[in-house]
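Heads up: the structure comes next, in structure tokens.
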Amino acid sequence: MHVSIENLSEAIRKFNVEPDKDYMKVHQLADEEARRLRHSYIGTEHQVLGLIRHGNPVLESFGVELNKARSVAEFIVGRGQRPYTPRYLTPRAKKVVELSIDEGKRLGERTLDPGLLLLALVREGQGIGAGMIEAFAVDLYEVRRSEIDRRYDLMTQASRNP
């Protein structure tokens, strides 16, 4: 089954999880980035750009900036030649969505959020998106550790302030 932005929520719900509005917004922004680059697909590079545009605190803490990330993406994959066409997730980007579902289940989360997408991108580790993060001289393991620490801190704060 082809997964597009339009049917992403439906595809995710088949795994008995719910994407939150921010998770969907990141993918909407990824779609916009694909359109900006005139790509006829949504890849992991677009997912990373979507995370950055949405404002990911972990990527920001490592100095991953939107304009530089766009330059890296364009250098690696170039600009497309086609006008707007419906865009579907590449097999690797679809795999990242599936890994984000798995990350959520591992952490006992009931909804998908952008942090789970980041965990999935670095766990997958082989896509252009992961390479873009590494282009900032950032170790993927450190990104993973930082996101898990951030989630733990949020959970601890929530338990102190019910």
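Where a number appears in this text, it was derived from the coordinates with a stated rule and is not lab data. Note that this is a predicted model, so its numbers are computed, not measured. Cβ placement follows ideal geometry from the backbone for every residue including glycine, while neighbour counts extend to all protein chains displayed.
Per-structure values
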| item | result |
| --- | --- |
| Aspartates and glutamates whose Cα lies under 17 Å from that of Lys14, excluding same-chain neighbours fewer than 8 positions away | Glu6, Glu98, Asp102, Glu103, Glu109, Asp113 |
| Fluctuation leader among Arg13, Arg53, Arg87 - the chain, Gaussian network, Cα springs under 10 angstrom | Arg13 |
| Computed magnitude of the charge dipole of region 46-103 (debye, nearest 20; Cβ of K, R +1, Cβ of D, E -1) | 380 debye |
| Cα long-axis angle, helix 21-36 against the chain (0 to 90 degrees, to the nearest 10) | 20 degrees |
| Candidates Leu49, Leu37, Leu118: whichever shows maximal mean-square fluctuation once the chain is modelled as a Gaussian network with Cα springs under 10 Å | Leu37 |
| With Cα atoms, 0 to 90° folded angle of helix 114-124 axis to the chain main axis | 70 degrees |
| Listed residues Ala120, Ser61, Ser146: farthest to the positive end of the dipole of the chain (Cβ charges) | Ala120 |
| Area projected by the alpha carbon convex hull of the chain, averaged over all directions, nm² | 9.2 nm² |
| Above-threshold pairs, the threshold being 21 Å between Cα atoms, out of Lys68/Lys94; Lys21/Lys94; Lys25/Lys94 | Lys68/Lys94 |
| Karplus 3J(HN,Hα) series, Hz, for region 39-53 with 6.51 cos²θ - 1.76 cosθ + 1.60 (x for Gly, Pro) | 8, 9, 8, 10, x, 5, 5, 6, 4, 5, 4, x, 4, 5, 4 |
| Whole-angstrom gap from region 35-87 to region 103-130, using each part's C-alpha centre | 17 Å |
| 5 angstrom amide H check on Leu89, placed H, neighbours 5+ away | Val3, Ser4, Ile42 |
| Calculated from backbone phi, Karplus (6.51, -1.76, 1.60) coupling profile of region 144-152 in Hz, x at Gly/Pro | 4, 4, 5, 5, 5, 4, 4, 5, 4 |
| Folded to 0 to 90 degrees: helix 91-106 orientation relative to the chain principal axis, Cα | 0 degrees |
| Estimated [θ] at 222 nm from DSSP helical runs (n ≥ 4, -39500 (n - 2.57)) normalised by residues in the chain, nearest 500 | -20000 deg cm²/dmol |
